[in-house]
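Notes follow the structure.
The values are calculated or read from the model by the stated rules, or taken from the named source; none is laboratory data. Everything quoted here is computed from the prediction, not taken from an experiment. All Cβ positions, glycine included, derive from the backbone under ideal geometry; neighbour counts span all protein chains shown.
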């Protein structure tokens, strides 16, 4: 049955007069900047990560764990929890690192003056260039990797802020919105499935930052770990995505990275903060 249309029509000028409702209503606002003074802690390692184990946060921790797995000792890092439901991202210290108040954010203290890096895709690219790994050097392969990295950055908001919001978090289930974003997510899964039918990884035969960017969203989705929506979206149809997702999930660095800054789920799958490799195991 088609849902009846409401009689709502937009005002001539939108004004923030009430909360939007839903799970994140208490932190949503139409202005930027800090809401309170709170300096960020700094640990013993050059790389300081401020994050939460959402899909975007997992990109950064998986990348850092992959670097450590590959033997890059200079990639040792401290991972500090930023609880977005409590508004930690609006603390003055975090806003200084990321004026957009989104996780993850990173400070690299190994440079002559500390370098701030924000946006998950930028963090992946920065670390790949810094350590010279997980980003092809051949021009054609490098461009293909960047194609898919940018695809993820542009596509994931439809999965997260679009489908995820209206399917899982919105205070009212709106048929039009869920249908609209379900259609787009399935289209994106079809794009991935057709590509992965002929490629082992996103950029070809080698694992790269493109895979690290895409897996925490679409890999977790087809493995049943995102929004409890696997059955709703019939993800079993995307067999090539499932093959790729399981292959990546089996990597030791990925098994560690998904635990960092995680505060929900099974106790063995949680690591609130990470300050030493001894803090975490596969």
For residues that are in a loop (DSSP other than H, G, I, E, B) and in contact with a helix residue (DSSP H, G or I) (Cβ under 8 Å, 6 or more places away or on another chain), scanning just segment 169-199, find the one that is surrounded by the most Cβ atoms within 10 Å (Cβ to Cβ).
-> 170
Residue 236 meets each of (1) within 24 Å of residue 163 (Cα to Cα); (2) in the same structural domain as residue 85 (by TED's automatic domain parsing); (3) in a helix (DSSP H, G or I) with one exception, condition (2)
Yes/no for residue 12 being at pLDDT 85 or above and within 23 Å of residue 120 (Cβ to Cβ) | no
Selection within segment 222-243 - surrounded by 14 or more Cβ atoms within 10 Å (Cβ to Cβ) and at positive phi | 227
Just to be sure, is residue 219 closer than 16 Å to residue 58 by Cα, without any contact (Cβ under 8 Å) to a residue 60 or more places away in the chain and either buried (at least 24 other Cβ atoms within 10 Å of the Cβ) or in the same structural domain as residue 77 (by TED's automatic domain parsing) (or both)?
-> yes
Which of (1) touching a strand residue (DSSP E or B) at 6+ places or on another chain (Cβ under 9 Å); (2) farther than 28 Å from residue 103 by Cβ is the odd one out, the single condition residue 208 does not satisfy?
-> (2)
Taking the options 57, 33, 43, 71, name whichever one is surrounded by fewer than 11 Cβ atoms within 10 Å (Cβ to Cβ), at pLDDT 95 or above and closer than 18 Å to residue 256 by Cβ.
-> 71
Got at least one residue in segment 84-91 being modelled with pLDDT of 95 or more, surrounded by fewer than 18 Cβ atoms within 10 Å (Cβ to Cβ) and either touching a helix residue (DSSP H, G or I) at 6+ places or on another chain (Cβ under 7 Å) or under 15 Å from residue 118 (Cα atoms) (or both)?
-> no
